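Contents: one structure, followed by commentary.
The values are calculated or read from the model by the stated rules, or taken from the named source; none is laboratory data. Since the structure is predicted, the reported quantities are computational estimates derived from the model, not experimental observations. Cβ atoms come from the backbone with ideal geometry, glycine included; neighbour counts cover every protein chain shown. Calculation scope for accessible area: heavy atoms of the full protein, side chains included, ligands and nucleic acids excluded. Shrake-Rupley method; radii C 1.70, N 1.55, O 1.52, S 1.80 Å.
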Amino acid sequence: MKPEEKYQIILNAFHSNRYGVSPTATRGAVESYAKKHLLEGKDYTEALEGAMAAGLVGQGADAMITIRNAGRKLLPR
């Protein structure tokens, strides 16, 4: 799986067809979503760190992950 595909899986955890894009998600919710799409373990950790380094998502308070504007642009409308 390419890094771009891994980042897209992480970003899709913030998207809901019903409500649109959520500004935050818990780390557990993102990890659970990633597991459903076969991104787990070391691959998940590397993808999350890469997405943070690329400025797509950021660390919020405690166990929260926030989506940044660069990440929002990659999500469907």
Share of carbon and sulfur in the accessible heavy-atom surface of the chain [1.4 Å probe, %]: 51 percent
Other-chain or far-sequence residues with amide H under 5 Å of Arg68's (modelled H): Val57, Gly58
Charge dipole magnitude, Cβ of K and R +1, D and E -1 - the chain, Cα centre, debye nearest 20: 360 debye
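Quick one: compute the contact order of the chain, relative version, from alpha carbon pairs under 8 angstrom and 6+ residues apart, as a percent. Walk me through the numbers on the way to the answer.
Working: 89 pairs, mean separation 27.8, N = 77.
It comes to 36 percent, rounded to a whole number.
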From the coordinates shown, P(r) over Cα pairs in 5 Å bins from 0, in percent corresponds to which of (1) 3, 16, 23, 20, 15, 12, 7, 3, 0; (2) 3, 18, 32, 29, 15, 3, 0; (3) 3, 18, 25, 19, 12, 7, 7, 5, 3, 1: (2)
Å² per residue, accessible surface of the chain at 1.4 Å: 64 Å²
